[in-house]
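Below is one structure, written out as structure tokens, with a few remarks after it.
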Amino acid sequence: MEKSKRPFIAKEFFNRMSHLGELQAVLDPNDKLGYKNYYIDLIHKTALRQVISFDKIKLALDFGCGLGRIARWLAERVEHVEAVDIAEEMIQRAKEMLKEYNNISVSLYDANRLLYDDHTFDLVTVIWILQHVIDISSVNNILSEVSRVTKQDGIVIFIERTTNDEPHGKGMPEDYIIRRPIRLYRELFNNNGLKVHLHYPVRTSLPICNSGFIQQLLYSGKVPVYFFPLIIKLDLFLQIKKYECTVGRCFILMFQRPKMRVRFSKREKHIKNWLVHTIHDKFLRNLLPKYVKGKLVDIGCGEKLYADMIKPYFTEHIGVDHQDTLHDKCNIDCFGAAYDIPAEDGEFDSAICTAVLEHLEEPDKAIKEGG
């Protein structure tokens, strides 16, 4: 039968997998020990945590929810989550498994139209879903619907396995998984009103954390699971590369197999950065309870990387950065220079300024303005 007539053949597969565990049903059904799936799930959630600021997100949609692994994680961070999937048996089990969450609603997607009004959601996640939609017209329909139900200033996040070459399913079950090149996804997103905001590779074939030897140790259970978060942070620091920022709110988090490996000298550089940030964050956590309170100004806020860390200590978080910043501007509340913050005298109760003064020609002038 032609693929175009069976765009959701994976639906049959996932209905058969619905009796398995939460991760095994939607990641690797052949992972009997569970360590591989746990590691992949942790990578997904660590990457999501790095690009989502939950301060202004109230309503989220988890498209292709499976048994609810992402929906449950989101429900702990937002007011309400709508979770949808095309597989009826997955939905039945998900409703049972998520019934203790009064802020999650689970429903069936009919492969045609999402039953929500236009511009409903602050956040939409589509995690490892498009690789299972073989027919391009169906991919376009999904992206069109996702775009429609997302607010104008909302965020859409995709995580997909990709290739550098033409679309293929080499090594994958036939008609079940297809890897597409990033350039094709970018074209599909753009055609459906989703302008690529950030392209963020989170897992590639680099030689430390993702080497065959280390993977074998991780997946066999020979590495204790409490080391997994640390290994993943190291993995992300070694592999992260931010690409172009354009108008739009679509994040692409890609699992890709690159043609080139990173040389050892670059690994050393990223390990150094990881250690610096770890030490920096430790001192910041110790200082926040003592000095941060009330209305906070974040000078040179960039993407508000420390928003989650400082959230318990302020009543209002105002981010200030200059117009020409290379960072994503979506979290900047007002534009201005560190020398001339657009605020009244004495307006703020506390201020934070991290890794900014080193870039200024007159840091003493900025200190006087902030203090």
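Once the convex hull of all Cα atoms in the stretch 284-371 is built, its volume per residue stands at 95 Å³.
Based on Cα contacts under 8 Å between residues 6+ apart, the stretch 289-371 shows a relative contact order of 35 percent.
The order of the peptides 72-85, 339-352 by mean Cβ neighbours within 10 Å, most packed first, is 72-85, 339-352. Residue exposure proxy: Met97, Met17, ordered by other Cβ atoms within 10 angstrom of their Cβ from fewest to most, comes out as Met97, Met17.
Relative to the current alpha-carbon distance between Met97 and Leu20, full extension at 0.36 nm per residue lengthens the span by 26.5 nm. Applying a threshold of 18 Å to the alpha-carbon distances of Lys290/Lys311; Lys58/Lys295; Lys56/Lys329; Lys36/Lys222; Lys151/Lys195; Lys45/Lys151 flags Lys58/Lys295; Lys45/Lys151 as lying beyond it.
Label positions at Asn164 and Lys32, each projected 7 Å from the Cα along the C-beta direction, are separated by 3.5 nm.
At a Förster radius of 45 Å, what calculated FRET efficiency corresponds to the Cβ-Cβ distance of Leu357 and Ser144, to the nearest 0.05? Result of the calculation: an efficiency of 0.45.
Spin-label model, Asn286 to Glu12: label points 7 Å out along the Cα-to-beta-carbon direction sit 6.1 nm apart. Run the paramagnetic zone check for Arg77: 7 angstrom along Cα to Cβ, then residues of the stretch 289-319 with backbone nitrogen under 20 Å. In the stretch 289-319, the label zone of Arg77 (backbone N under 20 Å from the point 7 Å along Cα→Cβ) covers 302-314, 317-319.
The numbers here are math on the coordinates, done by the rules we state, and not lab data. Just so we're clear, the structure is a prediction, and the values are computed from it rather than from any experiment. Glycine also receives a Cβ, built like all others from the backbone with ideal geometry; neighbour counts cover every protein chain displayed.
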